[in-house]
Amino acid sequence: MADDTILTSTPIHWFSTDEANTPESILDWLMEVGSMTRRFEQHCHHVTVTPFRECFITAEELGDESEHLPISEKYWLREIILFGDNIPWLLGRTVIPKETLTGPDKKLVDLGTVPLGRYLFSGNNLTRDYIQIGLQGQRWARRSLLRLSEKPLLLTEIFLPESPAYKIK
């Protein structure tokens, strides 16, 4: 990944399926199959997104993400900070092969401050191949390979310390 990524230079340790010793309270968040935006909205009055980086990148800039996506001439990269009531809760990184950006899904490059979940979960053409759990220092992370109209995109989410995901129920 590039040096100017929002995910910082601290690498994420991705766990194999049986390796993660994840507390049950955070596991429920990490394995959420619905919209994380909707889940966050249950814990605040207002969810907002601030884009950090939006641009096309090459395969060389993907790092280990290239193992999860088909080869493409270029990829759309969107990195954001998601806030709940103006408190940073999540860092998000979405990588989308150019070939996914066809038809109505061209709109993915113009989301701006719209949460990705609002777009992805607005129709019935989204599937998820898997969720992979990881740790970046003390922060829990997850990576999902999603398919929008059967076209892939990779979403990485890092839960920041103030996220409700860390609050004990």
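The values are calculated or read from the model by the stated rules, or taken from the named source; none is laboratory data. Because the structure is a prediction, the values reported are computed rather than measured. For accessibility, only protein heavy atoms count, side chains too; no ligands or nucleic acids. Shrake-Rupley method; radii C 1.70, N 1.55, O 1.52, S 1.80 Å.
Across the chain, C-alpha contacts under 8 Å between residues 6 or more apart give a mean separation that, scaled by the residue count, equals a relative contact order of 27 percent. Computed 3J(HN,Hα) for the range 139-153, one whole-Hz value per residue from the Karplus formula 6.51 cos²θ - 1.76 cosθ + 1.60 where θ = phi - 60°, is 9, 6, 9, 9, 10, 10, 9, 9, 10, 10, 6, 6, 9, x, 8, glycine and proline marked x. What residue among E79, E99, E67 shows peak mean-square fluctuation when the chain is described by a Gaussian network model with Cα springs under 10 Å? Greatest mean-square fluctuation among the candidates belongs to E67. State the percentage of accessible surface on the chain attributable to carbon and sulfur atoms; use a 1.4 Å probe and exclude ligands, DNA and RNA. Roughly 54 percent of what the probe reaches on the chain is carbon or sulfur. Rolling a 1.4 Å probe over the protein heavy atoms gives the range 21-161 an accessible area of 47 Å² per residue. Working note: Karplus 6.51/-1.76/1.60 with θ = phi - 60° gives the range 93-103 the couplings 9, 10, 10, 10, x, 3, 5, 6, 7, 10, x Hz, where Gly and Pro are set to x.
Rounded to two decimals, what is the ratio between the C-alpha radius of gyration of the range 21-161 and 2.2 N^0.38 Å? List each step's numbers first, then the result.
Values: Rg = 14.5 Å, N = 141, 2.2 N^0.38 = 14.4 Å.
So the Cα radius of gyration is 1.01 times the expected 2.2 N^0.38 Å.
Taking every protein chain into account, the 1.4 Å probe leaves M31 with about 80 Å² of accessible area, to the nearest ten. Of R142, R53, R78, the residue with the greatest mean-square motion in the GNM of the chain, using alpha carbon springs below 10 Å, is R53.
Mean projected area of the Cα convex hull of the range 121-169, taken over all directions, amounts to 4.4 nm².
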